[in-house]
Each structure stands twice: as C-alpha cells, then as structure tokens.
Amino acid sequence: MSPFQLTRTLPEDATSAALRADVQHGLTRSPKELPPKWFYDSRGSELFEEITRLPEYYPTRAEREILAGRARDIAAATGARTLVELGSGSSEKTRFLLDALPGLHSYLPVDVSESALTGAGESLPADRPGLHVHALVADFTRVLALPDTPGPRLVAFLGGTIGNLLPGERADFLRSVRALLSPGDALLLGTDLVKDEGVLVAAYDDAAGVTAEFNKNVLAVVNRELGADFPLDGFDHVAVWNAREEWIEMRLRAREAAKVRIRELDLVVPFEAGEEIRTEVSAKFRQEGVRSELAAAGMELTEWWTDPEGRFALSLSTA
Ligand code: AVJ
C-alpha cells in the first residue's frame with residue numbers, strides 16, 4: 001500500500017470566500033466574466049474527463065502521445081525524486097512519468113478539485129509500494145508551500161492549463177513556479193499550439209454538446225454555492241477564436257433579458273438579451289513565445305517536443 005495523505009492548504013471557507021469575491025467582482029463589471037477554476041466541482045471534473053475523450057478535443061491525446069514517447073527522456077534529463085503536478089486532475093497521463101521514474105520518492109498532486117485528487121489517489125499503481133503520495137487541495141496559482149521531500153524536483157504543469165491564465169497572471173504564476181525550483185530542478189510544461197481556427201473552435205464547441213454542458217456547469221456551481229437562480233437553459237454556449245490574442249474564449253450568452261438573483265451576495269445581476277459572460281480563455285502558444293515567457297520568469301527552455309502533427313508541445317525548462 002502506498003502512503004496517501006491529503007492536505008487542504010486552504011480551509012473550505014476560504015474557497016467559498018474566493019468564489020464569492022470572484023462572482024461579485026466578475027458579474028458587476030462589464031464585460032462580465034467568471035474565472036474558469038469554478039467549473040471543477042465533481043460534476044465539472046467528470047464533464048472535463050468526458051471532454052478529453054471527444055473526437056474534436058485533441059489536446060489530451062496529443063499530449064499523451066508526446067508523454068508516452070518522451071517519458072524516458074524526461075526521466076533521464078531530470079532524475080527526479082519528487083514529482084509535483086500542478087492541476088493534476090485525474091492524474092491519468094502522470095502514469096507515464098511515474099513508470100519512467102523508478103527512483104521517485106514522492107508524488108505531490110495539486111488540484112482545486114478534492115474529488116479528482118481522492119479519485120487519483122485511489123487509482124495510483126499498487127505496484128509502487130513506498131511511493132509517498134501527498135495530495136494538496138490548492139489553487140495552483142497560489143502555490144505554495146510544498147512538503148519537504150527529496151530532490152531533484154520536477155514540477156509538471158500539463159494539459160495546456162497555463163493557457164487558462166491571462167498574460168499577467170501567467171507571468172506571476174511562472175515566477176512563483178520558478179521560486180519552487182532549486183538548481184537541478186525542472187519544469188515540464190504542456191502548451192497547446194496555434195493552429196487552424198476551425199480545428200480550435202471545434203475542440204471547444206463539440207457536436208455532442210459536452211463542452212456546452214461543462215461551460216454551463218459554472219452557473220450550476222454558482223446556483224448551488226451562492227443561492228443564485230441562473231436558468232441554465234437561458235444561456236447559450238459560445239466558443240470564439242480571438243486571433244489578436246491567440247486564444248479561444250468560452251462565453252455564456254443570455255438568450256433574453258433577465259435579472260439573476262444571487263442570494264448569498266444580496267445581489268441582482270441584470271442581463272441584456274445577447275449579453276455574454278466570459279468564462280474561460282484558453283491561450284494557444286508558439287515556441288518563441290513560450291521560450292521568452294519562461295526566460296522572463298528566470299527559466300531556460302532546454303527541450304521542446306511536439307506530437308507528429310505539431311498540435312501540442314511539451315517543454316522542459318531549468319532554473
Ligand atoms: C483545462 C486547459 C485542459 O483550456 O483546453 C476544455 C479546459 N475548456 N474544454 C482547455 C477546457 C474547455 C482545458 N484545460
């Protein structure tokens with residue numbers, strides 16, 4: 001049996017305070033917005049897992065393909081004894097790294113979704129006796145005090161989730177990751193790449209409507225957690241490519257004018273017909289952009305691997 005420990009770095013009431021602040025701020029400004037981290041209650045995490053299996057949603061498969069082919073190179077280059085995974089979700093792709101790192105002492109998955117972490121903890125390989133698994137329920141942008149485990153440390157941030165941060169947040173985040181690294185440690189970063197607009201939009205607006213349901217789930221979260229009365233079928237899912245910023249935006253568009261009451265905030269939010277809430281940006285990258293953002297945060301990109309179709313990249317960087 002692998003030792004498994006779970007730590008909430010934030011008390012549950014801090015999470016709800018953060019949700020309240022984000023909803024209050026985001027729905028009283030123009031244009032309206034909600035941060036994507038609130039998608040991931042247990043239903044949202046399930047819907048995201050379903051998205052990763054959709055024919056249109058290529059990033060997960062492309063990244064898995066790279067990881068499967070490069071796990072040995074990553075292991076050889078880093079010799080990691082501690083693997084920190086930020087935004088680990090189901091940890092499904094992590095297996096390639098765990099299998100390639102027989103000398104690993106500790107695996108520290110970090111995620112806002114406690115349900116995803118416990119699920120991942122339960123399904124970790126029984127054939128890794130003695131691997132210390134210490135899950136942290138935390139917002140990876142606030143990370144972090146990490147438990148004291150042996151180095152070298154490999155920090156993995158997979159899935160292209162860095163693209164869900166706005167440029168300023170990204171710069172702050174990369175600097176905080178840099179602060180986790182000592183000499184000899186490394187960052188393994190997954191970034192989705194700029195490509196044909198049709199392919200991108202289809203990945204965020206699938207034919208089966210799973211992404212639409214995922215998007216609307218944030219309204220269900222606000223309804224449940226803050227006593228709001230968003231009518232889920234009063235909003236349409238929208239995915240658009242912003243060519244200037246090189247990111248996909250997901251939005252929820254009000255079908256008609258409405259007033260939504262948010263009881264716990266003592267707030268009434270008016271919507272005009274067609275008015276949108278931006279619920280996610282998912283930035284797409286180019287190698288030179290990734291290299292220079294890492295450099296600005298004090299890291300050096302040392303490896304850049306893509307899938308054969310050049311859709312997605314994994315990069316390795318050192319402090
Ligand atoms: C969390 C970065 C993996 O932006 O592609 C999937 C979330 N949003 N479909 C992404 C997401 C809509 C996703 N990542």
Q) Which residue pairs have Cβ atoms under 6 Å apart, sit 6 or more places apart or on different chains, and have a first residue in region 55-82 that is over 21 Å from Gly198 (Cβ atoms) and without any contact (Cβ under 8 Å) to a residue 40 or more places away in the chain and a second that is of a type in the set (A, V, I, L, M, F, W, C) and not in a loop (DSSP other than H, G, I, E, B)? A) Ala68/Phe96; Ala71/Phe96; Ala71/Leu97; Ala71/Ala100; Arg72/Ala100; Ala75/Ala100
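Please go through region 267-319 and give me each residue that is among the β-branched types (Val, Ile, Thr) and touching a residue at least 60 places away in the same chain (Cβ under 8 Å), ordered by number.
Our first condition is that a residue be among the β-branched types (Val, Ile, Thr); within region 267-319, this holds for 268-269, 277, 279, 281, 290, 302, 306, 318.
Result: Val269, Ile277, Thr279, Val281, Val290, Thr302, Thr306, Thr318.
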(Q) For the list (1) more than 20 Å from the chain's Cα centre (by Cα); (2) of a type in the set (Ser, Thr, Tyr); (3) within 15 Å of the ligand (Cβ to nearest atom), I need the number of the one condition that Tyr57 fails. (A) (1)
Q) Here are some residues: Gly184, Gly198, Gly168. Which one is more than 12 Å from the ligand (Cβ to nearest atom) and either of a type in the set (Lys, Arg) or on the phi > 0 side of the Ramachandran plot (or both)? A) Gly184
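Wholly within region 84-157, which strands (runs of 3 or more DSSP E) include no fewer than the required count, namely at least 1 residues that are among the acidic types (Asp, Glu)?
Numbers: elements: 106-111, 132-137, 153-157.
Qualifying strands (runs of 3 or more DSSP E): 106-111.
Find the residue count for region 236-247, including only residues that are within 16 Å of the ligand (Cβ to nearest atom) and either part of a helix (DSSP H, G or I) or out of contact with any helix residue (DSSP H, G or I) (no Cβ under 6 Å at 6 or more places or on another chain) (or both). Break it down into steps so the answer makes sense when it comes.
Taking region 236-247 as the starting set, the residues that turn out to be within 16 Å of the ligand (Cβ to nearest atom) are 236-242, 245-247.
Narrowing further to those that are either part of a helix (DSSP H, G or I) or out of contact with any helix residue (DSSP H, G or I) (no Cβ under 6 Å at 6 or more places or on another chain) (or both): 236, 238, 240, 242, 245-247.
Within region 236-247, residues that are within 16 Å of the ligand (Cβ to nearest atom) and either part of a helix (DSSP H, G or I) or out of contact with any helix residue (DSSP H, G or I) (no Cβ under 6 Å at 6 or more places or on another chain) (or both) number 7.
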Q) Only one of these conditions is not met by Gln5: (1) more than 25 Å from Val194 (Cβ to Cβ); (2) assigned to a helix (DSSP H, G or I); (3) of a type in the set (S, T, N, Q). Which number is it? A) (2)
Q) With respect to the numbered conditions (1) outside any loop (DSSP other than H, G, I, E, B); (2) within 16 Å of the ligand (Cβ to nearest atom), which one is the sole condition not fulfilled by Val222? A) (2)
(Q) Take the conditions within 24 Å of the chain's Cα centre (by Cα) and surrounded by 20 or more Cβ atoms within 10 Å (Cβ to Cβ) and apply them to Asn242. Does it pass? (A) no
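Please verify whether Thr302 is surrounded by 14 or more Cβ atoms within 10 Å (Cβ to Cβ) and not in a loop (DSSP other than H, G, I, E, B), treating the condition exactly as stated. Don't jump to the end; show me each part of the working.
On the way: surrounded by 14 or more Cβ atoms within 10 Å (Cβ to Cβ): no; not in a loop (DSSP other than H, G, I, E, B): yes.
It is false that Thr302 is surrounded by 14 or more Cβ atoms within 10 Å (Cβ to Cβ) and not in a loop (DSSP other than H, G, I, E, B).
Got at least one residue in region 72-85 being of a type in the set (D, E, K, R), more than 14 Å from the ligand (Cβ to nearest atom) and more than 22 Å from Thr318 (Cα to Cα)? Don't jump to the end; show me each part of the working.
First, the residues of region 72-85 that are of a type in the set (D, E, K, R): 72-73, 81, 85.
Now restrict to residues that are more than 14 Å from the ligand (Cβ to nearest atom): 72-73, 81.
Next, from what is left, pick out any that are more than 22 Å from Thr318 (Cα to Cα): none.
For region 72-85, residues of a type in the set (D, E, K, R), more than 14 Å from the ligand (Cβ to nearest atom) and more than 22 Å from Thr318 (Cα to Cα): absent.
Each reported figure results from applying straightforward, stated rules to the coordinates on display, with no laboratory input. These numbers come from a predicted model, not from an experiment. In this analysis, Cβ positions are derived from the backbone assuming ideal geometry, glycine residues included, and neighbour counts consider all displayed protein chains.
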